[in-house]
Every structure is written in C-alpha cells, then in structure tokens.
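Nothing in this text is a laboratory measurement; each read-out follows from the coordinates by a stated rule. Quick caveat: nothing in here was measured; it's all calculated off a predicted structure. When we count neighbours, we look across all protein chains shown, and the Cβ atoms used for this are built from the backbone with ideal geometry, even at glycine.
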Amino acid sequence: MWRRTASIVSPSSTSFFSSSSISLSQPTPSLAAFKPTSSLSSSSRLYSNKTESFLSGTSASYEEQMYDAWKKDPSSVHASWAAYFSAVDAGVPAEAAHSIPYNLGVNENIKVPIGAAVAAAPVAAAPGAAATQATAWEIDASLRLFSLVRAYWRNGHIKADLDPLNRRKEENLQPRFVPLDLNPEYWGFTEAEMDMKIPIAGRPPLLSMTGRTSTTAREVLAELEKSYCGKIGVEFTHVNNTEMVNFLREKVENPLPELDKTERMMIYDRLAWGDLFENFLATKYGGAKRFGLEGCEALIPGIKALIDTAAHHGCEEMLIGMPHRGRLNTLANVIRKPLAAIFCEFKGQNPLEEGSGTGDVKYHLGTSYIRNTNAGEKIRLSLAANPSHLEAVNPVVCGRARARQDARGDHTGKHVCALLMHGDAAFAGQGVVYESLHLNDLPKYTTRGSIHIVVNNQIGFTTDPRDARSTPHPTDVAKNVNAPIVHVNADDVEAVVHVFKMAAEFRQIFQEDFVIDLVGYRRHGHNEIDPCEMTQPLMYKLIGKHQPVLKKYEQFLLDKNVCTEQEMKEITDKIKHKLESGFEEAKSYKTKDKEWLESRWSNYKRLWEKTGGKPRPTNIDGDRIKKIGSVLTNLPEGFTPHKQIKKLLEKKKHMFETGEGFDWGTAEALAFGSLVQEGVKVRLSGQDSERGTFSHRHAVLHDQKNWREVYPSCCHPK
C-alpha cells in the first residue's frame, strides 16, 4: 500500500517538525527486512532502508562519531540519539527505532498545535531509566492524523452541505468534487487502523477533544465532518494571524450553543417578519418590482443578531450599504422605515416634498434609525441610498465610516462599523468590490474592519455561477486581504444566526474584515416578473417544490417541543395585523422630514447655515499670507530635503518676501494652509496627489535620510 508519511528530522536536529512537510514514500516493508546485524560497525547499519528520511541529511562519519560517543558515555549525546542507538543495539529495526522528543514537536509560544502528533512521543530515557516510549506506529499514525485534520481545515468547506436545493443530487449533475486529502485512505489509514488508539498527549487535533490523551482516526473524522462539512463551511488557512485562526477554530470546532426558548422564539419572530413581509407585498402589489428576499429570508434574523452582538461589544454606529435585493425587507424590519412610507411608494402616490433631492425608486433609497437592542444598548443604523449599479455604494460606505471614525476620534474603529451586503455574481465579478476590499489595511483609508455579507442566491440575473466565475465560491476574491470567509446554508436559520454573531464578535475584537457567504436561492425571477423557467428550468422546478425556511423552522420548533402551534400563530397574527395597519395608513400617509435621507448629518453644516445665509469671504490678508508662507518654506530642524525641493523652497521664500512670481502650486498651498488654519480638513487622494502630476504641488516632503514626512500646507510634521 502506498502511504503518505511525514518527513522526520534528524535526531540531532533542533528544528521543529512541520506537519505540512509530506512526501510519498515507498510501500512500507515488513519489519523483518530490517533485522540488524550484530554490531553497528558502519553507516549502512543506520541506512537500512531508503525510507529512513530522518537520516537523509546526516553524514556517515558524523553518525559513527555519535555512536562511538554514545558507547563510551550515553549521556554525552542528545537524548534522541541515545534512544535511537539503544533501540538499534537492542535489535529494533532502524526505521522503528527513532522517536522525536516532545520539546522538538511543539512551539510553546504558539497556541495553535504544531505537529500535535509529534507531541505524543515522550522523550526517550537513557538506558536503564523507566519511561513509556511511543511506538513507531503511534508516531506515524499521529502525524498522519494531524495531516488529515489540516486537510479539513483547508478543504472541508468544499464538502460542506451549503446548498439548500442540493442541486447536484436533484438535477443528476456530476457529483460534487471532494478533495482526495479528505479521505483517510489518502493518508494511509486502513480500515483496521481507523479504530486503533492514537496518543494526542494533551494536544488535541480538534478543540472539541480538549482534555483527552488519545483518540481514534474514526472519532476524529466524525468530529471533522461535523465541524467543517455541515451547514457551515469555514476558510481560514489563508489567514496569517494565529489569534484570528484560534478564534475561528473555537467557534467552529466546539459544539454550537444550545439555544433556549426565548432565543429561539426571537429568531422565529424575526424570521416570520422577513417571510410575511415578502408575502404581503406579493399579495398586495403582485405586478410591482420589489426584488424580494425569498430564498434568503434568514438574512433578517442574521443581521439583527449581528447588530445586537456588535452593539454589545461597543459598536455605536453601523453604516450599511446594500444592493436592491432584499432592501425593502431590510428597510422595514432592520432599519424600521415606517411600513406606511414603504407601501405608499408602491401606490405611486405622495411624491417627496419639493427640494428633497431625489426622485429615485423605492428600492434604491435609504434611511436611518436608532435601534435599542434587547440588552439595552443603543446603536445608530444608517442605510445608504444606492443606484442600480449594485456595488457602487461600497467605497461610499467605507469612506463615510472612516469619516465618522475620524470625526469621533474613534482611532480603533470599535465604535463605528461598516456593513456591506452584496450579490454573489456582483461580488465575484465587479472590480469595485476588489478595489474596496483593498481599503482594508491602507492606513489612510481603512475602516478598521468591514463586515461583508454575500447574499448568494446562486444565480446572477439569468447566469449560472459556472458561467460567471472561475472559482468554487463567489467569495474567493476576499482571500487576497486576509479576511476569514464563512459559508452557511440559508435554510439553517440557527446556523445563520451563529455565523452572523461570530462575524460581529470577530470584527469588534480584531478590527479586520470578515466575509459571510449566505447560500440560498431566489424563489422568483430577477424582479418577480421575469419567467425564470426560460433559462433555469431544472433549478426552478426544484424551487417550486422546496419548502420555505419559515415552514422548516416551524417544524423544527415543534419537533424540539420548544413551543406550540398556537404560540407561533399568535406571533404571525400580530405581524399580519401590523402589516395591514401599515397598508391602511399608507392611503393617507404624508412624507415626514425627508425620510429617504440615510442620516440627519446634524454635525455637518452647509456653508449658508454657518454664515446665516450670507456669502463668506474667501480672501486672506497679507499678514496671514506671510505666516502661512513661513510655514510652507521652513523645514523642521534636522530634516534633509531633496536637492530640487531645497531650490524650490528658496524660490517660494522669494515669492513671499517680494509678493511677486506666485505660481499655481504656491497659490494652491496657500488655499490649503488657510483652510487648515480655519479648522477645515483637507484631503487629497490619488497616486500622485502628494507630489503633483507635473511635480508642482509637493504637499508632502520626504526626508532623504529616513522615513520622516512633513506636510507643509497642514503645518503638521509627521
């Protein structure tokens, strides 16, 4: 049998074992083939078979010297050499004689297990001492076991049960590709070995096994399948931060928390609002475009859980951007736009007041709302307006979030968060998504972590994913920015809530991007009017007989004896009554205080508001010009400018002294400097905004001997 084995270091080496160092060895021969000769007289005794990779970098003369030294004094060589020579002299084959000491297998400074299986091998004692020695099979099996675990970390998401429609099975498509390394046989485990005990020495391959000293490959495989191949799929092996990875493993490998009745009924209430709102619109306005959320209704309880969790961890403002899919549902059930205001827009009546600034359609508009969470925290929500260009709002929301952070002095980003929702086809296909993702770690642009939710209905208008992208998931583009990616089946609403809470907690702890792939479907056409069967006949045949997630969750609650049918009916009756009340109110509803605005922006005054409607003078007197000019042309002590900059500053000094020869670059610098003096922030953006395209601006000067920078126009050295 061909077997995957790990390359083992030389006994005298002090380097750590790397569980990812895997090579394909020859078939494992019978141990009888390694029967030793009577003495260790030559290096051939050590190289009894070419599979002994732990000796491959060791010279024959060095081995003989070590052996001679050991014969004279066993304590004169490293314990690993002593154990090896002792075992070989006792007749143990060379291949089976070696074990790696515990302290060579684990880096105590790293909390994530490294070579956990190696840690199972205790340090071999010198001859005569009592110690329990791991067998060669135990060491080999534990190494292979940990390699299997790493394979699930890397590829488990590909096998996860994410598609609510299970299209590959139902449409008789080619079976889903499952990576070979998720099969224990790939790592050399036979059926007999699957139930043999493997030591893990307190370094569990999964966090759910903490406290155990041994396990079996079958037990580990079952835990891996449950943690990484269920309704949640996780991608974190591209993340280069150990603490982040530990956080994600803890959330995934430990069992999901069992929710009590209060929590489950709250999820049911929120899910029912999302479902019944869409049904109400379909009934009352059947021929209108609404870009409904049916098929991904779990988004509503998910977002609400995310907001509550973020608020609990210190978030006070959340700026939201999203396309039109599900926007009306979000406006009604998350941002709490009055139902009557939404319904009157469907009727085409009650135009917005003159001068309010928009005539856009209802599913492009935004609003703001201060939400009180169940725990008593307050958080301001602001949903930005967005045009039909789905992802155009991304940089707008990121810029607003950063501006709010700067205005509040929120330098950690803990109090202001950006939440961006996307469609699956747009996230994978639009360049503005990639560009916006790369704002993540730019010091002057970062939002200190944005949460991205991809509402993945597995179709782009009428295009199938296989014709729209070259990657397994629409979220693969986010791997470029070190963002964890978690996929979740939209038909498992409790898993959805768990993932959304995880995202909020992660963002508040680490201030880094987090991506959720909410995998559902689109029950109707692109805009409820399109005949979907023209382009996706098989898919919509499945959708037609697929039970909505609300019905599934109702049955789940009944099966778990969480509540009665009467209790659920009381909730749905209450929702229907409120929807009907909003519908009646819409008949006479009048727009109030520009409700389409996504926030009041009370701290940002227009020019005429600041001056009482009077024109504001823009000229400055000669004294101010000279003061600003002095700052523009004098450098801090010890600053070494470029030689051409030095000449340029001398030229500018002459301008300010004589009042003659001012160029456009100097005039611009005066404008910037005077604005900064008045407390107005000045920001330029672009690849050559510092120097200026024609080498005319020089708004930032660079020291030629170090990384020091000076901003003359801002009077602010850095």
Toy charge model, Lys and Arg Cβ at +1, Asp and Glu Cβ at -1: segment 275-317 dipole around Cα centroid in debye, rounded to 20, equals 280 debye
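Between LEU538 and HIS696, take the C-beta separation as r, use R0 = 60 Å, and let me know the FRET efficiency to the nearest 0.05.
Working from the Cβ atoms, E equals 0.45.
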Taking square-rooted eigenvalues a ≥ b ≥ c of the alpha carbon gyration tensor, is segment 265-586 rounded, prolate or oblate, where a/c under 1.5 means rounded and, failing that, a/b exceeding b/c means prolate? rounded
Lysines within cross-link reach of LYS587: Cα-Cα under 17 Å, excluding same-chain residues under 8 positions apart? LYS284, LYS337, LYS347, LYS362, LYS578
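Any idea what the relative contact order of segment 265-586 is, in percent, if you count C-alpha pairs under 8 Å spaced at least 6 apart?
With pairs under 8 Å counted, the relative contact order is 24 percent.
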Starting with the highest mean, order 415-428, 661-674 by the number of other Cβ atoms within 10 Å, averaged over the residues of each peptide. 415-428, 661-674
Within 12 Å, Cβ to Cβ, of LEU579, how many net charges do the neighbouring residues add up to if Lys/Arg are +1 and Asp/Glu are -1? -2
Check segment 427-559 and count each lysine pair with an alpha-carbon distance under 24 angstrom, considering only pairs eight or more places apart or from different chains. 6
THR591 paired with ALA222, simple spin-label distance in nm, labels 7 Å along Cα-to-beta-carbon: 6.2 nm
Quick numbers on segment 406-494, Rg and Dmax over C-alpha atoms in Å, give 14.9, 46
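Starting from the Kirkwood radius over alpha-carbon pairs of segment 622-717, derive D by Stokes-Einstein at 25 °C in a medium of 0.890 mPa s and give it in µm² s⁻¹.
Values: Rh = 13.7 Å.
For the chosen part, D equals 180 µm²/s.
Rounded if a/c is under 1.5, else prolate if a/b is larger than b/c, else oblate: which is segment 508-561, with a ≥ b ≥ c the root eigenvalues of its Cα gyration tensor?
Oblate shape, in that a/c is at least 1.5 and b/c is the bigger or equal ratio.
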Taking a crude spin-label model, label points 7 Å out from Cα along the C-beta direction, the VAL396 to TRP664 distance in nm is 3.1 nm
Can you give me the distance in nm between label points at VAL481 and ALA69, each placed 7 Å from the Cα along the Cα-to-Cβ direction? 5.4 nm
Using unit Cβ charges (K, R positive; D, E negative) and no other charged atoms, how large, in debye to the nearest 20, is the dipole of segment 265-586 about its Cα centre? 320 debye
Segment SER76-ASN166, length gained on full extension (0.36 nm per residue, minus Cα span): 26.0 nm
